[in-house]
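The values are calculated or read from the model by the stated rules, or taken from the named source; none is laboratory data. Just so we're clear, the structure is a prediction, and the values are computed from it rather than from any experiment. We place every Cβ from the backbone using ideal geometry, glycine too, and count neighbours over all the protein chains shown. Side chains included, ligands, DNA and RNA excluded: accessible areas come from the protein's heavy atoms. Shrake-Rupley method; radii C 1.70, N 1.55, O 1.52, S 1.80 Å.
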Amino acid sequence: MNDRQLDKLLREVSPPDDLHNQLKQLIAHQEWSEAITAAQADTSLDLATSVQAPPNRKSLRWVWAVATVVVAMLTGGLWWLFNDKPAISRPDQSGTMIAESDEQLQTVAPELAALEQQKAESEAELAELEKQLTLHYIELRQVRWAEVAKQSLSKNTRASELAALSLFTAAEAVVLSGLPLELVADNLKLVLERYPNTEGAARAAEMLAGLN
Amino acid sequence: MDQQLHERRRIFESAIEAYADSMFRVAFRLSGDRELALEIVQETWLGAWKNIGQLRNRDQLKSWLFGILRNQYLKSVDKLTRQPKLELIDNMVSRSDGPNEMQQAVQQAIGELDDDQRMSVLLVSMEGWSTQEAADLLGVPQGTVLSRLHRGRQRLKEILSRQLEFDTYSE
């Protein structure tokens, strides 16, 4: 065997036909993932924190316990106020007893106000926890799709389909996070442009129509 | 920020056009498996995308990319050798590039070279790198690359000639 024959044998390797496209899609997907991460870091909603420290069950239980106690106390207070008590209802009671009732009512009023405030605070805390749970869910879904897309790219199966779905899901997550819609519109257009005739593109088109 | 991203994408897209095929060939000749080669190449580009900030000189893009490719290959070898034995045997059995027996013989012969010789032969003989470029990538003097190349090629010719002779006699 001579040098020329050896070189010829060594060079006989044909790369996959769509290697360049696959790699460009991979890079586009990576770029998009980074853009989403950056956008999340900018927002005041602080998605990263919600992922690292999701609301735990203990704090939820605590909130519910406080809310239950507040409601029970409110019900008791109202019952006490409007119950058909003999001291108030009897027409023949003296003015002294009425004055006593007025005094008791004045004593309870600040407590009621405090309880009302506690209830409002508990409700606000619950709403915040719900928001964090939603954001956590969005983030998990995004990570899942990114992972699926990466695996599919490395296994060389239905790459564009999954990349498109991944991009769409990320865009959907942005909408749910309350980020500027212009950002989403641009990226949805990107999905349509890069991965036409895929399910992800069809869903991106629907969302674009909704935004317009 | 957008401009930086645009510029980075432009560099990558032109680098893919210029080097992707060559990287695949080297990854395939190193690993002997098309799927594994594709995975190594993809991981290489992802690694490059994430670490492009570490590239100080654009002129060194080619050797930088192939340096990452080499590391990815070593990682994949490490992963394979940690697999249970039966799985490893399955992988080795599936390592063929279609029915071309000559190509299988070439792959087997390349597999018999030591790592240093193999890399020098692949870069210089297969991909047309200069011996200086290969020396820069491998971090050795140019003379070392030349001697590895010479010994590697001699060994390949011996193995392949023997194989051809065997095939001829066996037919």
Residues of the range B:146-162 satisfying the condition of being within 11 Å of another protein chain (Cβ to nearest Cβ), small (G, A, S) and surrounded by fewer than 18 Cβ atoms within 10 Å (Cβ to Cβ): B:S161
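Please report, ordered by residue number, the helices (runs of 4 or more DSSP H) entirely within the range A:1-87 with at least 1 residues that are modelled with pLDDT of 60 or more and within 10 Å of chain B (Cβ to nearest Cβ). First the steps, then the outcome.
Numbers: elements: A:3-11, A:19-42, A:47-52, A:57-82.
Those helices (runs of 4 or more DSSP H) span A:3-11, A:19-42.
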If I filter the range B:121-141 for residues that are touching a Gly at 6+ places or on another chain (Cβ under 6 Å) and open to solvent by less than 20 Å² (accessible area, probe 1.4 Å), do I get at least one hit? yes
Within the range A:8-34, work out how many residues are open to solvent by less than 30 Å² (accessible area, probe 1.4 Å), within 14 Å of B:K50 (Cα to Cα) and in contact (Cβ under 8 Å) with a residue 60 or more places away in the chain. 4
Subset of the range B:113-145, residues within 14 Å of another protein chain (Cβ to nearest Cβ) and over 21 Å from A:P15 (Cβ atoms), comes to B:L113, B:Q117, B:S120
Does the range B:114-143 hold any residues that are among the polar types (S, T, N, Q) and either under 19 Å from B:N71 (Cβ atoms) or touching a residue at least 24 places away in the same chain (Cβ under 8 Å) (or both), and which are they? B:Q117, B:S120, B:S125
Does B:I68 satisfy the condition of being in contact with a Gly (Cβ under 7 Å, 6 or more places away or on another chain), in a helix (DSSP H, G or I) and aliphatic (A, V, I, L, M)? yes
If you check every pair at least six apart or on different chains, which have Cβ atoms under 9 Å apart with a residue in the range B:37-48 that is farther than 14 Å from B:K75 by Cβ and within 7 Å of chain A (Cβ to nearest Cβ) first and a residue that is modelled with pLDDT of 90 or more and open to solvent by 10 Å² or more (accessible area, probe 1.4 Å) second? B:W45/B:I68
Please enumerate the residues belonging to the range B:1-32 that are closer than 19 Å to A:H20 by Cβ, facing another protein chain (nearest Cβ under 7 Å) and within 20 Å of the chain's Cα centre (by Cα). B:F12, B:I16, B:E17, B:A20, B:D21, B:F24, B:R25, B:F28
What are the pairs, 6+ residues apart or on separate chains, where a residue within the range A:108-129 that is among the hydroxyl-bearing types (S, T, Y) has its Cβ under 9 Å from a residue that is surrounded by fewer than 14 Cβ atoms within 10 Å (Cβ to Cβ)? A:S122/A:W64
Check on B:L74, of a type in the set (A, V, I, L, M), modelled with pLDDT under 90 and either part of a helix (DSSP H, G or I) or on the phi > 0 side of the Ramachandran plot (or both): yes
